[in-house]
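Where a number appears in this text, it was derived from the coordinates with a stated rule and is not lab data. Keep in mind it's a predicted model, so treat the numbers as computed, not measured. Methodologically, a virtual Cβ is constructed for each residue, glycine included, from the backbone with ideal geometry; neighbour enumeration extends over all protein chains shown.
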Amino acid sequence: MGPAEVAHGPMFLGLACNIMLLGIMFTQLYLYMTTYKRDSVFLKSYVAVLMLADTLNTGFMTAYLYQSLIVHFDDLAYLAKANWVFATDPAMTGIIGAMVQFFYAWRIATLTGNNWIVLIVALCALTNLFGGLASAAAIAFVPQFSHFQEFQVPVICWLLGAAVGDVIITTTLVIFFRRHRTGSSATDTRVDRIIRLTIQTGMITTICSVIDLGLFLGDTSGMHLLFNLPLAKLYSNSLMSSLNSRGGWRRAEGDDSGESKSVPLHLSVHVPSQLQRHETSTLGTGDLTALQRITVTSGTTAHITTMQTGSQKSCMESPV
């Protein structure tokens, strides 16, 4: 097996998947920016930073492969070693994975209020982050691709922390949504969509991390790079898919032409104030642009927690 085939063959295929997923990410970003213009500045900034990190990740790896396979073609000494450009991949993957897991930790805190689970997910995200950074730093001391297994500890912490965090996030959200099934077919259909999306996005990153770790520990050929390079894009796409799916569920309840109808929804709104009161209002589907805590109860009835300041009420939708 030639030097380029050991690491750069799987790396080339992994980069092809990385670029393809980046294209999907750009599409998801366009859908998000045109659909959710009323999202908070913080959330929009978060998405922008995530997109920037994704683009840099692809740019660095494209530059590295161009240098290796074009500029240094048939340079065996160059092909046998990694450099700082290659080392940006584990660093950026750790950063992106941690950003996504911290976002889901915030979601879990908002939905469940379980601080223990939030703490565990946050610790997994930190392990993901620092494991990726440590793996990048280790490449400076062990640059030979054939000797990468000499720094197993940071890689194990990185990928295992990522996988465990993904499993906890997926399990927690699935349990939460299953507990809010009501027996009403219309309501449970929406809840089932949320559950399916949660499982799909969580399991993809988990499986990829586990396969990447298994191949890294058991195979010295560099095959793990085929799964490592797309990992950052799987994280970011899973998050954007979750954010963009909010509008998809609402449109799915519209007519067959894809246009949303103004279907009356009876909402039981609890307004905390000095005098607690309970009121019922009727809104069109298009009016529900932001709900912070929503628990579907029956049919098209939902309980929504709002906060009242003066005479105005504000609601914020919790992204799914």
### Query
Where does the charge balance sit around V121 when Lys and Arg score +1, Asp and Glu -1, over other residues with C-beta under 14 Å from its C-beta?
0
### Task
With all distinct Cα pairs included, what does the Kirkwood hydrodynamic radius of the range 3-252 come out to in Å, to one decimal, could you say?
18.9 Å
### Summary
Around M240 (Cβ within 15 Å, Cβ-to-Cβ, excluding M240; K/R +1, D/E -1) the net charge comes to +2
### Query
Hey, can you rank 199-209, 21-31, 100-110 by average C-beta count inside 10 Å, highest first?
100-110, 199-209, 21-31
### Message
Give me the net charge for the shell around F216: Cβ to Cβ below 15 angstrom, other residues only, Lys and Arg +1, Asp and Glu -1.
### Response
-4
### Message
Can you sort S245, S185 from fewest to most other Cβ atoms within 10 Å of each residue's own Cβ?
### Response
S185, S245
### Task
Would you give the gap between the C-alpha center of the range 94-150 and the C-alpha center of the range 5-49, rounded to a whole Å?
19 Å
### Task
For the range 139-190, report the convex hull volume of the alpha-carbon atoms normalised per residue, in Å³, without decimals.
99 Å³
### Query
Hey, what did the range 1-117 get for relative contact order, percent, Cα under 8 Å, at least 6 apart?
31 percent
### Task
Can you put T172, T34, T182 in order of Cβ neighbours within 10 angstrom, beginning with the fewest?
T34, T182, T172
### Ordering of 93-99, 192-198 by burial proxy (mean other Cβ atoms within 10 Å per residue, highest first)
93-99, 192-198
